[in-house]
Amino acid sequence: MDKKEKTKAIKTERDEPIYGPWRLAWQRFRKNKVSLIGLIVFALVVLGVIIVPMIMPYTVTDINMSNVGQPPSAEHWLGTDRNGRDVLFRLFLGGRASLQIGVSTAFISIIIGSTIGGVSGYFGGKIDLLMQRFVEVMQSLPFLPIVITVGAVMVWAPAEQRIFVTSLIIGCMSWMGLSRLVRGQILTLREQEFMQATEALGLTDVRKIFRHLIPNVTSVIIVNGTIVMAAAILTEAALSFLGLGVIPPMPTWGNLMGHARESYIFRNLPWVWIPAGVLCTITVLSINLLGEGLRDAFDPRNVK
């Protein structure tokens with residue numbers, strides 16, 4: 001290679017753009033076609049549950065006894081239920097409630113898990129020992145029986161507030177796995193050079209944890225948040241199916257599927273409960289695919 005070609009090669013190498021970790025993660029995520037499809041499907045579901053109830057001329061309390069149990073038609077695309085209510089409207093309005101529970105639960109889980117994991121990993125010693133014993137006690141508790149029991153006890157909550165009560169119950173029982181992941185990451189990060197710089201600057205422990213350590217485990221938190229969201233939607237569906245979650249007239253995918261417990265509706269009105277089951281399955285599957293793609297995208301060993 002002569003001097004001119006060598007100079008050109010060096011210039012080309014220097015002109016190559018340098019991307020940050022988030023840009024690199026997005027580039028890796030785009031190459032995962034299955035996860036990209038999951039993102040698109042989930043985005044369509046979110047847009048649907050926001051827009052469809054807004055443009056349809058119904059409310060959650062509408063009852064039309066002259067139009068009971070009508071099959072799908074041009075006027076009611078998914079038919080009507082035993083109270084004459086439009087199933088399509090209640091399907092997407094119920095999706096709004098179910099997704100709200102999923103997002104709220106993931107937020108609560110992230111706040112609790114990140115805080116406990118961050119404090120435990122940063123301080124270590126006796127504080128870490130006590131916190132990890134507490135985490136182990138929480139993990140040893142049976143998740144579903146406790147959630148069902150607390151949901152059954154909280155019958156005093158109005159229908160509109162059951163969404164927040166259900167989110168709080170599930171979120172308070174779903175943070176332990178994230179706390180262990182965050183703790184493990186921070187045990188490694190606290191020994192790196194940038195933490196020595198924060199020590200030299202005299203920053204407080206709170207600032208070190210929440211401004212310098214927690215942001216460096218954001219990828220772990222995001223991936224775990226998608227997993228918790230999908231699990232929360234399924235848990236809410238199970239609770240509402242049993243009548244222990246969000247109660248009518250506020251619809252969710254769970255209590256819409258709960259109509260199948262009645263043999264008459266199960267045999268003669270399948271359009272009342274099947275669409276909720278299908279949409280719930282599609283949504284949870286898309287979230288899981290999205291989470292798998294995010295996990296691979298943020299993995300530093302993935303250099304493809």
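Since every read-out is calculated from the coordinates, none of them should be taken as a lab result. The structure displayed is predicted, hence computed values, not measured ones. Virtual Cβ from ideal backbone geometry, glycine too; neighbours counted across all protein chains shown.
Before moving on, here are some points about what is shown:
- When the chymotrypsin sites (Phe, Trp or Tyr not before Pro) in region 16-96 are filtered for DSSP coil states and for at most 16 other beta-carbon atoms within 10 Å of their beta-carbon, the remaining sites are TYR19, TYR58, TRP77.
- Rough spin-label spacing in nm, given labels placed 7 Å along Cα→Cβ, for PHE143 and TRP22: 3.0 nm
- Acute angle (nearest 10 degrees) that the helix 33-55 long axis makes with the longest principal axis of the chain, alpha-carbon atoms: 50 degrees
- Region 111-125 and region 46-85 have Cα centres lying 47 Å from one another.
- Spatial extent of region 100-256: Rg and Dmax, with the Cα atoms as the point set, Å: 18.0, 59
- Rg of the Cα atoms in the chain, relative to 2.2 N^0.38 Å, amounts to 1.27.
- Less than 5 angstrom separates the built amide H of GLY245 from those of SER240, all sequence-distant by 5 or more or on a different chain.
- Acute angle (nearest 10 degrees) that the helix 270-298 long axis makes with the longest principal axis of the chain, alpha-carbon atoms: 0 degrees
- The label point for LEU201 and the one for TYR264, both projected 7 Å from the Cα toward the Cβ, are 6.9 nm apart.
- Degrees, to the nearest 10: 3-15 long Cα axis against longest axis of the chain: 40 degrees
- Using θ = phi - 60° in the Karplus curve 6.51 cos²θ - 1.76 cosθ + 1.60, the 3J(HN,Hα) couplings for region 58-70 round to 10, 10, 5, 9, 5, 9, 9, 6, 7, 10, 7, x, 6 Hz; x is entered for Gly and Pro.
- Relative frequency of Cα-Cα separations exceeding 23 Å in region 33-171, percent: 57 percent
- Among the lysines of the chain, pairs at least eight places apart or on separate chains and with Cα atoms under 29 Å apart come to 8.
- Directionally averaged projected area (convex hull, Cα atoms, region 97-153), nm²: 4.8 nm²
- The packing ranking of peptides 240-249, 174-183, highest mean first, is 174-183, 240-249, where packing means the average number of other beta carbon atoms within 10 angstrom of each residue.
- Mean residue ellipticity (222 nm) of the chain, computed from DSSP H runs ≥ 4 via -39,500 (n - 2.57), nearest 500: -22500 deg cm²/dmol
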